[in-house]
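> If you scroll down you'll find the structure; I have some questions about it.
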Amino acid sequence: TRIEAALFEDAAGMAAIKAENARIQSLAPVLLSPTVAGAATVVSGDVALMAKDHGDRRYIFAVSMSGAPQEARIAVADAPETAARLESGEAVRLDGGVIADAFPAYGHRAYVFAKPK
């Protein structure tokens with residue numbers, strides 16, 4: 001049988017949920033801001049996108065809609081030369097205004113860079 005509440009008994013699972021919850025809460029002001037239409041489009045891959053501006057930063061949230069790992073390419077309007085992965089701070093180079101990134105099955109990525117003027 002399956003016990004849905006069993007997750008609450010798993011210390012590692014609960015720690016992961018608490019960490020993800022804290023991350024979402026820290027991004028609440030960004031996530032609640034208006035979506036910027038046309039700021040990013042999928043060039044290749046099965047990925048859903050959302051772009052948000054908050055303060056002087058633009059955020060692009062991407063989630064793989066595939067149950068298998070995939071490579072995706074995302075065109076960014078008014079693209080900078082580099083962006084940062086929100087999760088790690090790792091620099092991501094935009095080649096011709098396009099982010100190319102590997103996504104795990106149903107994985108997500110978030111990128112941040114200076115908001116275009």
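The values are calculated or read from the model by the stated rules, or taken from the named source; none is laboratory data. Predicted model, so just to flag it, every value in this text is computed and none were measured. For neighbour counting, all protein chains shown are included, and Cβ atoms are generated from backbone atoms with ideal geometry for every residue, glycine included. Please note that ligands, DNA and RNA were not included when accessible areas were found on the heavy atoms of the full protein model with its side chains. Shrake-Rupley method; radii C 1.70, N 1.55, O 1.52, S 1.80 Å.
> Which aspartates and glutamates, if any, have their Cα less than 20 Å from the Cα of residue 18, not counting same-chain residues under 8 positions apart?
Cα-Cα hits under 20 Å: 4, 9, 10, 87.
> What is the chain's relative contact order, in percent, from Cα pairs under 8 angstrom and six or more apart in sequence? Don't skip to the end; give the middle numbers.
Working: 212 pairs, mean separation 26.8, N = 117.
23 percent.
> Counting other C-beta atoms within 10 Å, and keeping those with at most 12, which DSSP coil GluC sites (Glu not before Pro) do you find in region 41-102? Don't skip to the answer; put the middle values down first.
Values: sites: 71, 81, 87, 90; in loops: 81, 87, 90.
Hits after loop and neighbour filter: 81, 87, 90.
> Got the relative contact order for region 76-117 handy, in percent, Cα pairs under 8 Å and 6 or more residues apart? Display every interim value, and only then the final one.
Numbers: 52 pairs, mean separation 18.7, N = 42.
Reported as a whole number, the value is 44 percent.
> Between the alpha-carbon centers of region 7-30 and region 56-104, tell me the distance in whole angstrom.
Here the two parts' Cα centres lie 23 Å apart.
> Full extension from residue 115 to residue 50: what is 0.36 nm times the residue separation minus their Cα-Cα distance, to one decimal in nm? Present the calculation step by step, with values, prior to reporting the outcome.
On the way: separation 65, 0.36 × 65 = 23.40 nm, distance 1.46 nm.
Contour length minus Cα-Cα distance gives 21.9 nm.
> Moving to a separate point now. Roughly how many Å² is the accessible area per residue of the chain, as a whole number, for a 1.4 Å probe? All intermediate terms of the calculation are to be shown ahead of the outcome.
Details: 7140 Å² over 117 residues.
I get 61 Å² per residue for the chain.
> Please give the net charge around residue 93, taking every other residue with its beta carbon less than 12 angstrom from that of residue 93, where Lys and Arg add +1 and Asp and Glu add -1. Could you put the intermediate results ahead of the total?
Working: positive: 85; negative: 81, 90, 95, 101.
So the environment of residue 93 carries a net charge of -3.
> Let me ask something else. Which percent of the accessible area of the chain is formed by carbon and sulfur heavy atoms (probe 1.4 angstrom)? Spell out each step's value before the answer.
On the way: 4070 of 7140 Å².
Answer for the chain is 57 percent, counting heavy atoms of protein chains only.
> Answer with a single label: of [x] 14.6, 47; [y] 16.0, 56; [z] 12.6, 35, which was calculated as Rg and Dmax of the Cα atoms in Å from the structure in view?
Read-out from the structure maps to [y].
> For the pair residue 7 and residue 35, what calculated FRET efficiency results from E = 1/(1 + (r/R0)^6), where r is the Cβ-Cβ distance and R0 = 22 Å, to the nearest 0.05?
Working: r = 31 Å, r/R0 = 1.43.
The calculated FRET efficiency here is 0.10.
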